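**Q** Sharing a structure with you now.
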Amino acid sequence: MAEFSGKVAIVTGGATLIGAAVAESLVSAGACVVVVDIDTDRGARVAEGLGARGLFIPTDVGDDAAIAAAVAATLARFGRIDVLVNAAACYIDQGAASPRADWAAAFNVNVFGGVALVQACRPHMAAQGGGAVVNFTSVSGRIAQAGRWVYPATKATIEQVTRSQALDLAGDGIRVNAVSLGWTWSAPISAMVKADRAKADRIAGPLHITGRVGDPKEVAEAVLFLASPRASLITGTTVAVDGGYLALGPEGRGLSLTELL
Ligand SMILES: NC(=O)c1ccc[n+]([C@@H]2O[C@H](COP(=O)([O-])OP(=O)(O)OC[C@H]3O[C@@H](n4cnc5c(N)ncnc54)[C@H](O)[C@@H]3O)[C@@H](O)[C@H]2O)c1
């Protein structure tokens, strides 16, 4: 029997490359998957590709009423919620010039959106005896990046909230973890390099031990593991799925001290 057979997952941000890869992998592993996203065209297309075990619910995760409606629609269609993947995010950021409105908007979606979904799913997971949450964070939440103040702060917050959620939801049998991504092939990176993946690898390569951008499928593998009973002892942590980005120091990949000395 497939690992997620009979399980139901909600994937926010499921309309885009990374979220869609997670949704597709979950369906391949037997789950029913509800894609939650504000992008109605892409969301509908992704869900169509998932077949009878897929459903798209247009939802703004910055809106509590929309979240309540999405959870209700998930229960009406599939009857339970076992897995929540919080991948939706916005990249609002004007660095030092970011006004209060930008900070509020970014935290509302990136942080409170995922938190509100956890709050809405919790009673249903608890009633079934447990569940698993996978939040999305980024290497940006651990380092200084020029011109970026807001997005990295939201991602750093998600790492801390993941710990708090893991502790307080453990009694309900719910594990909460996060994945921290490096440069991953995605809509924003594709737009940056005009869909030239080799160019993305050339730019991002030196920043990662693996020497390339990550693939959405590779992220999905980690998410599925954390969402599965195989990760039963893992909660409250952030797993780096970043090609070694955070393990690399200022010496980078190429500097050989023995050659320099
Ligand atoms: N692309 C990367 O290299 C990278 C690196 C580190 C972390 N991440 C994380 O991966 C996740 C996916 O990012 P991506 O780069 O694929 O970006 P993306 O913009 O392609 O995907 C984000 C998705 O979230 C949706 N979304 C935005 N606001 C929403 C809202 N209010 N309600 C519902 N859905 C909303 C968008 O429509 C989109 O489908 C994010 O959490 C991001 O922080 C990505």
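**Q** Just to be sure I understand the filter: pairs with C-beta atoms under 6 Å, separated by 6 or more residues or on different chains, first member in segment 214-230 and of a type outside the set (A, V, I, L, M) and assigned to a helix (DSSP H, G or I), second member at pLDDT 95 or above and open to solvent by 20 Å² or more (accessible area, probe 1.4 Å). Which pairs pass?
**A** Once the first residue is of a type outside the set (A, V, I, L, M) and assigned to a helix (DSSP H, G or I) and sits in segment 214-230, its partners that are at pLDDT 95 or above and open to solvent by 20 Å² or more (accessible area, probe 1.4 Å) give PRO216/LEU17; PRO216/ILE18.
**Q** Okay, next question. Can you name the condition, by its number, that VAL34 falls short on among (1) without any contact (Cβ under 8 Å) to a residue 60 or more places away in the chain; (2) not in a strand (DSSP E or B)?
**A** Against the list (1) without any contact (Cβ under 8 Å) to a residue 60 or more places away in the chain; (2) not in a strand (DSSP E or B), VAL34 comes up short only on (2).
**Q** Yes or no: VAL219 over 22 Å from GLU251 (Cα atoms) and surrounded by 15 or more Cβ atoms within 10 Å (Cβ to Cβ)?
**A** yes
**Q** Tally up the residues in segment 67-92 that are open to solvent by 40 Å² or more (accessible area, probe 1.4 Å), assigned to a helix (DSSP H, G or I) and within 15 Å of PHE112 (Cα to Cα), please.
**A** Adding up the residues that qualify gives 1.
**Q** Then there is this: Spot the failing condition for LEU233; the list is (1) assigned to a helix (DSSP H, G or I); (2) loosely packed, with under 15 Cβ neighbours inside 10 Å; (3) at pLDDT 95 or above, and only one is missed.
**A** (1)
**Q** Continuing with this model, one more query. Would you mind stating whether ALA120 is surrounded by fewer than 16 Cβ atoms within 10 Å (Cβ to Cβ), of a type in the set (A, V, I, L, M, F, W, C) and modelled with pLDDT of 95 or more?
**A** So ALA120 fails the test.
**Q** If you don't mind, another one. Please specify each residue of segment 93-110 satisfying the condition of being in a loop (DSSP other than H, G, I, E, B) and in contact with a strand residue (DSSP E or B) (Cβ under 7 Å, 6 or more places away or on another chain).
**A** Scanning segment 93-110 gives a single hit, ASP93.
**Q** Name the pairs whose Cβ atoms lie under 7 Å apart, with the first residue in segment 98-112 and over 11 Å from THR154 (Cα atoms), the second aliphatic (A, V, I, L, M) and open to solvent by less than 70 Å² (accessible area, probe 1.4 Å), and 6 or more positions between them or separate chains?
**A** SER98/VAL150; ASP102/ILE92; ASP102/VAL150
**Q** Somewhere in segment 106-117, is a residue touching a Lys or Arg at 6+ places or on another chain (Cβ under 7 Å), buried (at least 17 other Cβ atoms within 10 Å of the Cβ) and not polar (S, T, N, Q)?
**A** Within segment 106-117, not a single residue is touching a Lys or Arg at 6+ places or on another chain (Cβ under 7 Å), buried (at least 17 other Cβ atoms within 10 Å of the Cβ) and not polar (S, T, N, Q).
**Q** Something else now. Conditions first: (1) over 20 Å from the mean Cα position of the chain (by Cα); (2) under 18 Å from GLY244 (Cα atoms). SER180 passes all but one, so which condition is the exception?
**A** (1)
**Q** Does at least one position in segment 101-109 carry a residue that is within 26 Å of THR74 (Cβ to Cβ), more than 12 Å from the ligand (Cβ to nearest atom) and touching a Gly at 6+ places or on another chain (Cβ under 8 Å)?
**A** Among the residues of segment 101-109, not one is within 26 Å of THR74 (Cβ to Cβ), more than 12 Å from the ligand (Cβ to nearest atom) and touching a Gly at 6+ places or on another chain (Cβ under 8 Å), which makes the answer no.
**Q** Something else: Within segment 166-199, how many residues are more than 23 Å from ALA127 (Cβ to Cβ), open to solvent by less than 20 Å² (accessible area, probe 1.4 Å) and in contact (Cβ under 8 Å) with a residue 60 or more places away in the chain?
**A** 7
**Q** Here's a follow-up. Considering only residues that are more than 9 Å from the ligand (Cβ to nearest atom) and either surrounded by fewer than 24 Cβ atoms within 10 Å (Cβ to Cβ) or free of Cβ contacts under 8 Å to residues at least 24 places away in the same chain (or both), which ones fall in segment 8-31? Step through it out loud before you land on a result.
**A** Step one: of segment 8-31, the residues more than 9 Å from the ligand (Cβ to nearest atom) are 8-11, 21-31.
Listed by number, the residues that qualify are GLU24, SER25, VAL27, SER28, ALA29, GLY30.
**Q** Please state which one of ARG253, ARG163 is within 30 Å of GLY6 (Cα to Cα), away from the ligand (no atom under 12 Å from the Cβ), more than 14 Å from the chain's Cα centre (by Cα) and open to solvent by 20 Å² or more (accessible area, probe 1.4 Å).
**A** Checking each option against the conditions leaves just ARG163.
**Q** Still on this structure, please answer the following. Does ASP60 satisfy the condition of being under 25 Å from TYR91 (Cα atoms), part of a loop (DSSP other than H, G, I, E, B) and either open to solvent by 10 Å² or more (accessible area, probe 1.4 Å) or more than 15 Å from the ligand (Cβ to nearest atom) (or both)?
**A** In short, yes.
**Q** Follow-up question, since we're still on this one. Quick one: LEU167 ticks every box in (1) in contact with a Leu (Cβ under 9 Å, 6 or more places away or on another chain); (2) part of a helix (DSSP H, G or I) except a single one, so which number is it?
**A** Condition not satisfied by LEU167: (1).
The values are calculated or read from the model by the stated rules, or taken from the named source; none is laboratory data. Since this is a predicted model, take the numbers as computed values, not measurements. All Cβ positions, glycine included, derive from the backbone under ideal geometry; neighbour counts span all protein chains shown. Areas reflect the complete protein model, heavy atoms only, side chains present, ligands, DNA and RNA absent. Shrake-Rupley method; radii C 1.70, N 1.55, O 1.52, S 1.80 Å.
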